[in-house]
Every structure is written in structure tokens, then in C-alpha cells.
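Colleague: What follows is a single structure, and I will ask about it in a moment.
The values are calculated or read from the model by the stated rules, or taken from the named source; none is laboratory data. Nothing here was measured: the structure is a model prediction, and the numbers come from that model. As a convention, Cβ positions derive from the backbone with ideal geometry for all residues, glycine included, and neighbour counts pool all protein chains shown. Remember, those area values only see protein heavy atoms, side chains included, never the ligands or the DNA or RNA. Shrake-Rupley method; radii C 1.70, N 1.55, O 1.52, S 1.80 Å.
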Amino acid sequence: MLIKNKNNLLSLYIHWPYCESKCPYCDFNSHLNENVETEQWIKSYTNQLYEMKEELLRHNVNFDKLNAIFFGGGTPSLMPLKIIDRVLKISLNLFGFANDIEISLEANPSSYEKEKFHDLEKIGINRLSIGVQSLNDVNLKFLGRLHNSLDAQITVEYALKKFNNVSVDLIYAFHGQKLTDWTNELSIFLKNNDLQHISLYQLTIEEGTKFFKNHKKGLLNTIDNEYAADFYQISNEVLKEHKFINYEISNHAKRGFKCKHNLNYWKSENWMGIGPGAYGRLWSSKSNINRIEYQNYKNPKTWLSKNISQSSFEKTNCLDSHISDADTLIMGLRLNEGIETFRLNDKSIIKSDACKKLVEEKMITLKDGVLKVNENYMIKLNSIIDFLINP
């Protein structure tokens with residue numbers, strides 16, 4: 001089968017599973033911080049990197065050096081610097097770096113992490129993503145964060161002095177939050193900080209979290225969909241006023257600063273995932289295989305024990321064409337620019353009658369082989385996708 005995708009892009013995701021505390025809204029694979037044996041982690045990451053190089057060769061994956069690396073978590077700024085440094089050096093040796101490679105690392109607004117920014121920049125990190133999450137002390141406490149708004153402001157200011165590419169994550173649109181308060185806070189924050197990228201996530205109640213348990217008990221309320229839509233629309237307007245481009249449903253960037261690693265996700269390119277709970281997907285050039293997914297063991301101790309001698313993934317799946325097409329469509333429609341339909345191996349995954357109806361209602365457009373959700377309806381993305389592809 002000829003895979004028509006792709007721009008031969010390849011990125012690398014490295015997961016660090018430890019945090020100072022577990023936030024009540026977080027369903028990521030994160031665990032309370034503990035002492036680690038640095039050399040054991042280096043060996044395990046190294047074994048997985050070498051195994052991924054073998055997989056690239058085995059499946060004749062087309063790529064031209066790494067275009068992005070992303071250290072995520074957890075809180076990867078808590079990683080020993082030696083681990084980060086070794087992962088970067090081994091990755092350069094195995095895969096090569098594009099001249100304009102983006103190397104991102106997630107951090108929190110704490111004095112301990114801020115003190116490491118200089119060293120992180122020195123060993124090759126060139127993009128910092130800071131988990132500010134809220135601009136309001138009351139809301140920060142509600143979200144279970146350990147920092148306050150002053151910590152956040154000081155950390156962001158310091159980061160902007162050290163890095164040319166700084167992103168901030170914020171959570172908004174939750175019960176009790178006033179729209180005017182939020183937009184005022186956001187406007188002031190953007191005015192005072194010359195950020196290159198910002199990610200805005202409406203609070204969702206995820207299964208397995210403390211918030212989920214509280215919600216089931218009736219101890220936590222959520223806002224209604226119409227009010228959430230107001231938050232979304234007005235937040236986007238505020239960001240436009242500050243020269244941000246809304247390039248993905250939750251992500252905004254100044255010109256030239258879209259997150260390359262995440263674009264590889266949304267455009268269904270190739271990426272490798274190493275570390276506890278990380279997963280990766282590669283497009284195979286073998287005629288009888290479509291897309292391959294690699295899943296890691298979630299528990300950090302299990303992952304470490306399985307990878308310290310030789311690389312071991314919990315699962316390796318060959319995804320059938322229907323699954324990979326659905327994933328490509330779902331991820332691609334998150335982008336403001338939409339998805340090029342040539343990326344789908346079977347365009348019939350899109351129901352023609354549903355597509356026609358949505359076009360007539362001006363919720364989507366299909367023009368010159370590009371399918372996109374119109375900006376005013378992006379808040380309804382999940383229901384639009386469901387209508388397009390499900391019976």
C-alpha cells in the first residue's frame with residue numbers, strides 16, 4: 001500500500017513521569033517525585049533510542065533528521081540535567097538534527113526549576129513550555145498548583161530573558177470563574193509578557209482524577225456549553241489583538257512559532273515516544289504494513305526494569321488503514337488550516353451526505369482538496385467529527 005502522506009518529518013517525545021505533586025485535574029502518566037538512579041534512566045532511555053533507530057531502518061521510514069524533540073511529563077524540568085544532556089547527544093548521533101530543530105521542555109513556575117533555566121539552555125533546550133495554568137491565586141489553589149501568580153510572573157519574565165521561544169499553558173472556563181475576570185487577567189498577562197506561544201485548555205473532567213471523583217459525588221460543578229463557547233470565542237479575540245494566530249483548536253502562536261513537535265501529531269507525521277507511558281507512531285514503507293504504534297509500560301518502575309538491559313515496549317501494533325485514517329482525520333481537523341484529504345488512504349471514511357450537509361450549513365469547507373472546520377464552529381469540533389465519520 002502506498003502511503004501518500006507525509007513530509008518525511010520525524011520528532012522525538014521523551015516522557016519524565018515525576019512531579020512535585022499530583023494535580024486534581026491531571027490524567028497524564030504522572031507520579032510523585034522520588035529519588036532516581038540517574039545511570040539506570042540513562043541506560044533505559046538509550047536502549048529505547050537505539051531500538052527506535054532499528055525500527056526506522058526495519059520499516060524503511062522516510063525522514064530527514066529530527067525536526068523536533070519534546071521533553072514532557074510529569075515535570076521534565078525536574079529531570080537530572082545529565083539525563084537530558086545524554087538523551088540529546090545520543091539522539092544527535094543516531095538521527096541527526098535539522099538546522100532549525102525545536103527542542104522543547106516543560107517546566108513549572110517554581111524557584112527550583114527557574115534556577116535550572118540557564119543550564120537547560122546551555123545543553124541545547126531552545127523552547128520552554130511553562131505550566132502556569134492560572135493567573136489568579138484563588139484559581140491556582142483550586143487547581144491544586146503549588147505556585148502563586150507572583151511566582152508565575154517572575155518565572156515567565158526570567159524565561160523570556162533566557163529563551164527566544166517561550167510558551168505558557170493556561171486552564172480556563174471552569175465553574176465559578178467569571179468571563180470578565182478571565183479576559184482582564186489574560187489581556188494584562190499578554191500585555192506584560194512578550195510570549196511566542198500560548199496554549200489555552202478548557203477544564204475537562206477526566207476519569208481517574210480527583211476532580212472526576214468530586215464531580216461524581218456532586219462536589220464539583222462544570223459550566224454549561226454555551227458559557228464555555230463564550231469563553232472560547234472571547235479568549236480567541238483577545239489573543240488575536242495581541243498578534244497570536246489560532247493555528248490549532250487550543251493553541252496560539254506568533255508568526256513563525258507554531259510548535260513543530262505537536263504539528264507532527266496533528267498532521268499525523270512520524271514521531272517516536274520513549275519513557276514510561278509514552279507512545280510513538282511511524283509510517284512503514286513495507287507494502288503489507290500501514291502505520292505502526294509503539295506503546296510503553298506506564299508504571300515507571302516497570303518501564304525501568306523492562307528497558308534497563310534491552311528495549312522492551314509493552315505493545316507494538318500495526319494499525320489498519322481505517323484506524324489510521326480516522327486518527328489522521330480527527331487530528332488534522334484540530335488545525336485551523338484543516339487537513340489535505342490526500343493524506344487519507346480511503347476518503348470514503350468521510351460520509352458524503354454528512355459532509356454535504358455540514359458544508360451547506362457553513363460549518364465546514366471542502367475546497368481544493370482541503371477539509372476544514374470553519375472558525376466559528378471549532379468549539380463544536382467533537383460533534384462535527386462524530387457526525388462526519390460515525391454511523
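Colleague: Give me Rg/Rg_expected for segment 255-391, where Rg uses Cα atoms only and Rg_expected = 2.2 N^0.38 Å with N residues.
Modeller: Details: Rg = 17.6 Å, N = 137, 2.2 N^0.38 = 14.3 Å.
Ratio of Cα Rg to 2.2 N^0.38 Å: 1.23.
Colleague: Starting from the eigenvalues of the Cα gyration tensor, five times each then square-rooted, give me the equivalent ellipsoid semi-axes of the chain, largest first, whole Å.
Modeller: 30, 30, 20
Colleague: Among all the aspartates and glutamates, which ones have a C-alpha under 20 Å from LYS254's C-alpha, if same-chain residues fewer than 8 places away are not counted?
Modeller: ASP100, GLU102, GLU106, GLU157, ASP169, GLU185, ASP194, GLU237, GLU241, GLU337, GLU375
Colleague: Using a Debye calculation, one point per C-alpha and no hydration shell, please list log10 I(q)/I(0) for segment 4-89 at q = 0.15, 0.17, 0.18, 0.24 Å⁻¹ in order.
Modeller: The Cα Debye sum returns log10 ratios of -0.67, -0.81, -0.88, -1.20.
Colleague: Lone cysteines in the chain, going by a 4.7 Å Cβ-Cβ cut-off?
Modeller: Lacking a cysteine Cβ partner under 4.7 Å: CYS19, CYS259, CYS318, CYS355.
Colleague: Beta carbons within 10 angstrom, averaged per residue: use that to sort the peptides 162-175, 340-353, highest first.
Modeller: 162-175, 340-353
Colleague: Could you run the Karplus curve 6.51 cos²θ - 1.76 cosθ + 1.60 with θ = phi - 60° over segment 194-201 and give me ³J(HN,Hα) per residue in whole Hz, x for Gly and Pro?
Modeller: With the stated coefficients, segment 194-201 comes to 7, 6, 9, 7, 8, 10, 10, 10 Hz.
Colleague: How many percent of the alpha carbon pairs in segment 90-165 exceed a separation of 16 Å?
Modeller: The share of Cα pairs beyond 16 Å in segment 90-165 comes to 53 percent.
Colleague: I've got another one for you. Return the long-range amide H neighbours of ALA107 (sequence gap of 5 or more, or a different chain), with a cut-off of under 5 Å between placed amide H atoms.
Modeller: Correct list: SER129, ILE130, GLY131.
Colleague: Relative to 2.2 N^0.38 Å, what does the C-alpha radius of gyration of segment 44-157 come to as a ratio? Two decimals please.
Modeller: Cα Rg divided by the expected 2.2 N^0.38 Å: 1.27.
Colleague: While we're looking at this one, here's another question. Based on DSSP H runs of at least 4 residues, each adding -39500 (n - 2.57), what is the mean residue ellipticity at 222 nm of the chain after dividing by all its residues, to the nearest 500 deg cm²/dmol?
Modeller: Calculated at 222 nm, the ellipticity per residue is -11500 deg cm²/dmol.
Colleague: Further, regarding this structure: What are the residues whose amide H is under 5 Å from the amide H of GLN202, where those residues sit 5 or more places off or on another chain and H is modelled from the backbone?
Modeller: So GLN202 has HN proximity to TYR172.
Colleague: Which lysines, on any chain, are close to LYS217 with Cα under 25 Å apart, when same-chain ones fewer than 8 places away are left out?
Modeller: LYS22, LYS141, LYS178
Colleague: OK, next. Could you put LEU88, LEU263, LEU150 in order of accessible surface area, largest first, with the 1.4 Å probe and the full protein assembly present?
Modeller: The residues order as LEU150, LEU263, LEU88, largest area first.
Colleague: Moving to a separate point now. Across segment 370-375, in residue order, what do the Karplus-derived ³J(HN,Hα) couplings come to in whole Hz, using 6.51 cos²θ - 1.76 cosθ + 1.60 with θ = phi - 60° and x for Gly and Pro?
Modeller: 10, 9, 9, 8, 5, 3
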